[in-house]
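These notes concern the structure reproduced below.
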Amino acid sequence: MKRRQFLAAPAISLLLPASGALNSIASAGEILEGSQRPANLEKFPQRLHQDFVTYRPGVEYFFLGNGDIHAILQYQPDRSGDLPMTYLGLTLMDAERFSRKWSTYFFLPERGFERTMLSVTTGGKGYGATPASVETVAWTQKEGVPVVVLQWKAGDLTVTEDLFVPSEGGYLIRQVRLQNTSAVAAECTLGLALTPNFAIFDDIGTDRNEGSVHGRGYTEVTLRCLDGKVETVGRYDLRVTLPTIGAGMEATARFVYSIRPGTAAMTARRLPAVWKKTVAYWAPKPVLRSGNATIDHLHAVARSGLKAQLARSGKRDSGYWMYNMEWVRDDVMMMQAMSMAGLHDEARSILEKILSKAVGPDGCAIESSRWSGYDYTELDQNGQILFAAWIYLCWTGDTGLIKKYWKQIVLAGDFPLLDVFRDAKSGLLRNKREFWERDDRLGVEDGFELVYQFWVAYGLEKGAAVARLLGDTAVAVRWEKESARLRQAMLNDPVYRFVEEGHLIKRRKRNGSWQKYFIPPNRNVPPAGSPLATVERPEGDPDSGSLYPIIYGMVDPRGEVGRNTIAHMEVLWDQRWDFGGYARYNTDSEPDPPGPWPIATMLVARAALEAGDHERVWRSLRWVEGVHGGLSGAWFERYGPSITPPAPPVCIVGWVWAEIELFMVHHLFGFRPDLQGIEIRPKLLAGVDTLATRFTIRGGGVEVEVVRGGVPGAMVSGTSTPLVDGAVRLPYPRKNAVTKVTVTLE
């Protein structure tokens, strides 16, 4: 059954939100005096503006953030269908406060984000950004700083809006540059409103003396303009008159949004220094250069997205406008990618938050901002905490943070080894909840999950290396033993190993049999009409989580089991839809509408690159770039609406940014530091002949260039060095020093 047929099923149609979630109320003339009810009132229901909807085909969200402020530009180029979202709309959030889309600063129940766009008046006519006038909506990097650029026409004026956030502070800068393309001088007036969300702000108005608009209530937001003649109009609007723009000349107006009480007003005098500081902040962060537009774009948007998502405190919403919760699993992926992206202070903040707030007194780790009990514990998270400590040490050398929280790290490492999880016969770790969070109500039987065994075994191995570095020999010995035991059981035990039909499998029951089907005890528990509720024997395999042992080298990606497992993932491509992408698992057992997941698609790309399967890699990367969300670099968790209720609305998950960064650094560049030094094991994709970037690591730098053609080998700071099994090793650079490495591949 194709996805469009699934969504058309009567059982689902009543549950999905109407595509025209609109504002349509009875006009004043239709409302009668007194208690008389107009006969046609039901034709004009009062509903939220369509911008309330988070997911709609074609929509893009450009995320900007610096730890203090989130700014999101909504772009809906697809104008088909009933009442599309606002074409271009802007909203803000405090980075320390999770929200839904309707509780962001500029959402209005009646008008959505319609009041946030710039207007330009010239030659007696007013103009705005419309599908007919817009030429560009895209990311660019100006002096290394991520900037969203809007370019559109207003008569004879070309309007270019640059949106960026400084390296710190609750500010969004909206710089407007107007170029006069005509042969005569032009007069120009700009209009911009601040109409804040009435649910958050009740003191709203203008300050004529300082030329600003403010909203005050539970928090504060202000709009100012630093250039031109600034006037306030009514309750919400700024009007800015610029000097006459000569033929072929330009004029600029800089608008500044600020949030939070006590945030100092930005001034024209301060702004150049703020920009200079922002350029300096981004300068050491790696920028990948491959000459391939797809690879360079994906890396650039992952780089900016990783920074945009994180609050100064280390908080991050695992699902913007969707979950409003945190997972250790997601956080570790982000922290790993941040380390690679040169965001080391940010990596520290997120790791410290995990260790200080997300590990309970017995070592349990929170998921979805809570703990669900032993039977439903996501055991992979404990292994990932140990891995996080290791990867952070590799990139930063910061033993102080690890020593500070060593007690919590040991608790986290020992927690999965409790008797309540350990099966006495197999030695494997059991529970009633799988990696993607289905449980026994949805057909998950008490048993063993491959992903849990892998991450605990892998985490214990890395945690043991950290323990030896810190001199905790007892912990190191214990974890090395447990890691080896788990690895042996999951890959080699004649009864319990996670291999069937020549490929890795997802789950075994307590008796060792393959749990091939996920049959809910009560078919009324899954949402009505979902595959899990309707398919007679819902299969669980293949599952993209089964790729982790291949991705991290525990299973040979080029061996028979590795190759078969990757090939088995083809079941998930276009399984019940026709626009590409991999599902997270076999959608026969899906309690949501079936659709592709960018996370799963990137997991396939990572494993396929290790296996040398370039065709599958390119198909995955091009799908991620080409699906909506790929332009802005803000990908939905999956593609297609939720069954609402009971599921939350589908929206943006930052995990995809991490998967892209991991693909680029760990796999494509093969840049893999450990506790002793750095291994570089690059893999050039077919059609890509060069890679170059500069990594920041342990206070120094490593410039890496990978080229195709010639005798395989490496030059390390001018010294010829052979490749050993396709890799070169080097020591860490000295602080403030740069090591230059060129690797030549056939």
Discussion item. Given the DSSP H assignment, sum -39500 (n - 2.57) over each helix run of at least 4 residues in the chain and divide by its residue total; what's the result at 222 nm in deg cm²/dmol, nearest 500?
Written reply: -7500 deg cm²/dmol
Discussion item. Just want the answer: with Cβ charges of +1 for Lys and Arg and -1 for Asp and Glu, which residue in Pro648, Ala658, Pro673 is farthest toward the dipole's positive end in segment 628-746?
Written reply: Pro673
Worksheet item: Residues with beta-carbon under 13 Å from that of Phe107, excluding Phe107: net charge, scoring Lys, Arg +1 and Asp, Glu -1?
Response: +1
Worksheet, complete the sentence: Once the dipole of segment 293-669 is set up from charges on Cβ (+1 Lys and Arg, -1 Asp and Glu), the residue from the list Ser632, Tyr323, Ala607 lying farthest towards its positive end is Tyr323
Discussion item. Among the complete DSSP H segments of the chain, which ones combine at least 15 Å of alpha-carbon extent along their axis with a mean Kyte-Doolittle hydropathy of -0.5 or more?
Written reply: 271-282, 293-308, 328-340, 380-396, 450-470, 473-492, 598-610
Item to complete: Identify the trypsin sites (Lys or Arg not before Pro) of segment 372-434 meeting these criteria: DSSP loop state and at most 14 other C-beta atoms within 10 Å of the C-beta.
Response: Lys425
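Mean separation of Cα pairs under 8 Å and 6+ residues apart, divided by the residue count of segment 293-669: what relative contact order is that in percent?
The value is 17 percent.
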Item to complete: Assuming R0 = 25 Å, can you tell me the calculated FRET efficiency for the pair Ala183 and Ala132, based on Cβ-Cβ distance, to the nearest 0.05?
Response: 0.60
Item to complete: Would you mind calculating the relative contact order of segment 89-143 from Cα pairs under 8 angstrom and at least 6 residues apart, reporting the percent as a whole number?
Response: 25
Practice prompt. State to the nearest 20 debye the size of the charge dipole of segment 155-271 about its Cα centre, where the only charges are +1 on K and R beta carbons and -1 on D and E beta carbons.
Written response: 220
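May I ask you to sort Asp330, Asp82, Asp156, Asp94 by Cβ crowding, counting other Cβ atoms within 10 Å and putting the fewest first?
Ranked by crowding around the Cβ, least crowded first: Asp82, Asp156, Asp94, Asp330.
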Item to complete: Quick one: order Asp578, Asp317, Asp588 by neighbouring beta-carbon count within 10 Å, fewest to most.
Response: Asp578, Asp588, Asp317
Practice prompt. Find, among the chymotrypsin sites (Phe, Trp or Tyr not before Pro) in segment 315-380, those assigned to loop by DSSP (not H, G, I, E, B) with at most 14 other beta-carbon atoms within 10 angstrom.
Written response: none
Discussion item. For Kirkwood radius over Cα pairs in Å, pick the label among (1) 28.5; (2) 27.6; (3) 25.6 that corresponds to the value derived from the coordinates.
Written reply: (2)
Practice prompt. Quick one: net charge around Val738, please, counting Lys, Arg +1 and Asp, Glu -1 for every other residue with C-beta under 10 Å from its C-beta.
Written response: +2
Worksheet item: When Trp395, Trp479 are ordered from fewest to most other Cβ atoms inside 10 Å of their Cβ, what list results?
Response: Trp395, Trp479
Worksheet item: Given charges of +1 on the Cβ of Lys and Arg and -1 on the Cβ of Asp and Glu, with all other atoms neutral, how large is the dipole of the chain about its Cα centre, in debye to the nearest 20?
Response: 1080
Item to complete: Would you mind calculating the gained length between Lys403 and Ala647 on full extension (0.36 nm times residue separation, minus the Cα-Cα distance), in nm to one decimal?
Response: 83.8 nm
Item to complete: Multiply the residue gap between Arg485 and Glu168 by 0.36 nm, knock off their C-alpha separation, and tell me the result in nm, one decimal place.
Response: 109.4 nm
Worksheet item: Counting Lys +1, Arg +1, Asp -1, Glu -1, what net charge surrounds Ser167 among other residues with beta carbon under 15 Å of its beta carbon?
Response: +3
Worksheet, complete the sentence: Per the charge dipole of the chain (beta-carbon charges, Lys/Arg positive, Asp/Glu negative, Cα centre), the residue among Pro712, Val134, Val688 reaching farthest to the positive end is Pro712
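Relative contact order (percent) for the chain, with alpha-carbon contacts under 8 angstrom and 6 or more residues of separation?
11
Every number in this text was worked out from the coordinates using simple rules, so none of it is lab data. These numbers come from a predicted model, not from an experiment. Positions of Cβ are generated from backbone atoms using ideal geometry, with glycine treated the same way; all protein chains shown enter the neighbour counts.
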